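The values are calculated or read from the model by the stated rules, or taken from the named source; none is laboratory data. Since the model is a prediction, treat every value here as computed from it, not as a measurement. Glycine also receives a Cβ, built like all others from the backbone with ideal geometry; neighbour counts cover every protein chain displayed. Please note that ligands, DNA and RNA were not included when accessible areas were found on the heavy atoms of the full protein model with its side chains. Shrake-Rupley method; radii C 1.70, N 1.55, O 1.52, S 1.80 Å.
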Amino acid sequence: MKPKTIIEKIWERHVVHEEENKPNLLYIDLHLVHEVTSPQAFEGLRMNQRKVRRPDLTYATVDHNVPTKHRNVISDEIAKKQMSTLRQNCEEFAIPLADINHPDQGIVHVIGPQLGLTQPGKTIVCGDSHTSTHGAFGALAFGIGTSEVEHVLATQTLWQAKPKTLQVKVNGKLGLGVTAKDLILAIIAKFGVNVGTGYVMEYTGEAIRDLSMEERMTVCNMSIEAGARAGLISPDQTTYEFLKGKRYVPEGDAFFEAVQKWEEFATDEGAEYDRTIEIDAEEIEPQVTWGTNPSMGGPISAHVPNPEDYSRPADRSAIRQALEYMGLEAGTPIEAIAIDHVFIGSCTNARLSDLRAAAEVVKGRRVHENVSAIVVPGSQTVKLAAEAEGLDKIFTEAGFEWRSAGCSMCLAMNDDVLQPGERCASTSNRNFEGRQGNGARTHLVSPAMAAAAAIAGHFVDVRSFSNQEVFS
Amino acid sequence: MEAIQKHEGIVCPLDRVNVDTDQIIPKQFLKRIERQGFGQFLFYHWRFDNDGNKRADFIINQPAYEQASILVAGENFGCGSSREHAPWALLDYGFKVIIAPSFADIFYNNSTKNGILLVKLSEEEVAIVLEKAKQGKYTLQVDLETQTVTDNDGFHATFTIDSYQKKLLLNGWDEISLTMQLEDKIKAFEQKAN
């Protein structure tokens with residue numbers, strides 16, 4: 001039999017219907033729902049007297065709008081209405097909901113894996129582009145719009161054209177102090193924000209195999225920033241060990257049967273991809289973005305680029321616009337950029353290991369006097385686990401604010417908004433204009449790099465920083 | 001959704017690459033629970049200054065483009081977030097056709113499902129259209145049936161589109177009711193899977 005990629009295997013097992021000159025009708029195993037992209041879909045169902053076909057394969061939470069400071073004080077009436085609308089819709093259509101005071105509440109892409117809803121071989125969708133996160137488990141997971149949300153609610157299927165496959169091969173090992181976030185930022189900086197358009201990406205290679213599940217989630221999370229709706233990693237022992245004992249994962253003998261089934265999904269030796277790109281892990285340094293899309297970044301040792309050094313006119317004008325928005329001069333060392341804010345959070349970097357990595361840097365130090373810094377755990381479960389280890393104390397004693405779970409300042413839909421001109425070192429995924437607030441300037445970094453910047457007041461290489469005694 | 005076969009309209013040139021959905025509609029406007037009324041927020045921070053006044057230098061605000069219904073932009077238009085509020089805002093504002101060398105995948109699907117026609121032309125063709133539109137009031141004819149884009153001055157380009165997407169757009173079909181006709185197949189799949 002012809003060797004196959006995991007992408008082809010998952011696809012083939014989910015085709016409900018195919019005919020010529022049409023995309024395939026694909027079955028969806030898990031549909032995650034949140035408050036922002038679902039109300040119009042439920043309204044569409046009501047208008048057409050349709051039901052939710054499989055509420056048992058649907059799971060909802062509130063994350064985008066929720067306050068992270070005072071849990072039940074929602075000053076924004078429109079946001080409040082959006083959350084109560086989700087509550088009513090879940091009641092009406094019998095969909096399980098981790099509501100704001102529910103212990104399982106959190107960012108939808110943090111809680112899916114945490115509950116064990118995310119499993120290898122599944123097709124997973126959500127009205128959110130960072131659904132690619134779940135690909136870390138060897139699931140085919142991608143973001144959809146509200147019309148597609150409605151389609152999945154009504155039929156548990158989607159019409160999808162078979163994607164091309166892109167192998168992203170990461171050779172060798174990551175250096176000490178270089179994280180999964182640096183890896184994915186380096187991939188995007190090297191290959192651009194649309195290398196993955198039209199493809200599903202599969203990450204392979206030694207450096208990928210070495211990653212923990214939480215690190216793999218960070219990598220897959222940002223597949224969309226490279227243009228790919230989905231990015232995944234074949235499951236292995238690391239995957240199964242993570243899943244064992246999770247609430248929605250089978251137990252006992254059923255677990256071993258599940259593992260056998262999951263193993264079959266892994267890409268076969270010798271399988272072919274439509275395209276392969278490669279990067280050497282050894283060459284990657286801690287990364288900092290300087291521009292207004294995730295590919296506009298580079299190593300901490302670099303300088304802000306000069307637009308005139310680029311040959312394509314479109315690049316020159318894009319970089320010129322980006323530097324103007326970011327308030328940066330070409331040639332400035334990245335380490336010389338001073339910051340006003342630090343945000344540690346988001347579906348990219350707000351899991352327990354992310355908070356541990358940041359806490360390790362912060363421990364016994366003080367946040368710089370010019371910086372305000374917040375930590376927003378990815379879920380209430382992560383929050384409690386971090387508190388059990390005393391991470392909250394480390395952060396608060398250093399001068400960080402310790403918040404409750406939500407998307408928070410990653411997209412600033414709630415009250416966690418920056419002011420025009422403010423500059424933020426952020427562990428989130430997008431540095432688009434206005435993303436963290438109108439006129440706000442976002443630099444994407446890893447949790448350890450964000451923590452180091454919080455202490456120093458400017459960007460600094462966490463590898464040299466960790467061993468120094470820095471008091472400011 | 002409304003069917004679209006042919007469209008003739010004024011072209012607005014947005015000469016930027018990687019226009020993301022955060023620019024098309026900023027997050028503070030995603031809190032509504034309706035599909036309508038997003039046009040007023042389209043390109044909000046590019047269209048309006050911090051006091052809410054129109055920025056005269058932003059292309060869409062210029063008098064020549066007030067009635068524009070065709071937007072032309074650089075590569076990777078619609079990247080970023082999956083928010084369908086982006087095509088809702090474009091449509092509500094009055095854009096029926098968007099021309100670019102490439103579009104982000106999720107945005108492409110979302111737009112098509114709302115009856116917006118996304119036309120992929122080559123970078124060279126897009127550059128020509130951008131230049132012509134920058135000169136002032138410029139009209140294009142877009143024909144989905146024949147997959148052509150023409151102007152009154154000899155410009156002629158063809159585009160490719162997936163035949164299924166084309167059929168949906170030409171007929172304005174509701175995809176959910178089409179899929180529900182396959183209920184037996186969905187049921188059979190579920191039984192087999194269990």
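Summary table
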quantity: Cα-Cα over 18 Å, subset of A:K22/A:K164; A:K190/B:K120; B:K6/B:K167; A:K51/A:K81; A:K9/A:K261; B:K54/B:K96; calculated: A:K190/B:K120; A:K51/A:K81; B:K54/B:K96
quantity: Number of partner chain Cβ atoms within 10 Å, mean per residue of A:168-177; calculated: 0
quantity: Order by protection proxy (mean Cβ within 10 Å, highest first), peptides B:151-160, B:132-141; calculated: B:132-141, B:151-160
quantity: Heavy-atom accessible surface of the range B:6-193: percent carbon and sulfur, 1.4 Å; calculated: 46
quantity: Chain A - percent of accessible surface contributed by carbon and sulfur, probe 1.4 Å; calculated: 48
quantity: Inter-chain Cβ neighbour average for residues A:222-229, partner chain, 10 Å; calculated: 3
quantity: Residue of B:A104, B:A56, B:A73 that the Gaussian network model of chain B assigns the largest fluctuation, springs spanning Cα pairs under 10 Å; calculated: B:A56
quantity: Amide proton proximity set for A:T332, modelled H, under 5 Å, gap of 5+; calculated: A:V304
quantity: Convex hull per residue volume in Å³, alpha carbons only, for the range A:174-320; calculated: 137
quantity: Accessible solvent surface per residue of chain A, calculated while the other protein chains remain in place, 1.4 angstrom probe, Å²; calculated: 35
quantity: Principal axis box of the protein assembly as shown, alpha-carbon based, largest edge first, Å; calculated: 70, 61, 53
quantity: Most fluctuating residue given options B:V72, B:V17, B:V97, as computed from a GNM of chain B linking Cα atoms under 10 Å; calculated: B:V17
quantity: Positive minus negative residues near B:D15 (Lys, Arg vs Asp, Glu; Cβ under 15 Å); calculated: -1
quantity: Occluded residues from the range A:380-427, i.e. those whose accessible area drops by 30 Å² or more once the chain is not alone (1.4 Å probe); calculated: A:L411, A:M413
quantity: Proportion of all alpha-carbon pairs of chain B beyond 28 Å (%); calculated: 28
quantity: Charge context of A:I374, other residues only, Cβ under 10 angstrom, K/R +1, D/E -1; calculated: 0
quantity: Where a label projected 7 Å from the Cα of A:L384 along Cα→Cβ would reach, residues of the range A:39-60 with amide N under 19 Å; calculated: A:60
quantity: Solvent-accessible area lost in complex, 40 Å² minimum, residues of the range A:307-328 relative to chain alone, 1.4 Å; calculated: A:R312, A:Q321
quantity: Most to least packed among A:81-87, A:404-410 [average Cβ atoms within 10 Å]; calculated: A:404-410, A:81-87
quantity: At R0 = 60 Å, FRET efficiency that the Cβ-Cβ distance of A:H102 and B:E8 yields, to 0.05; calculated: 0.70
quantity: Interface A:B - total buried accessible surface [probe 1.4 Å, Å², rounded to 100]; calculated: 4800
quantity: Exercise: per-residue mean of other protein chain Cβ atoms within 10 Å, A:443-456; calculated: 0
quantity: Delta accessible area of at least 40 Å² on complex formation, residues of the range A:37-53, 1.4 Å probe, chain isolated as reference; calculated: A:Q40, A:R50, A:R53
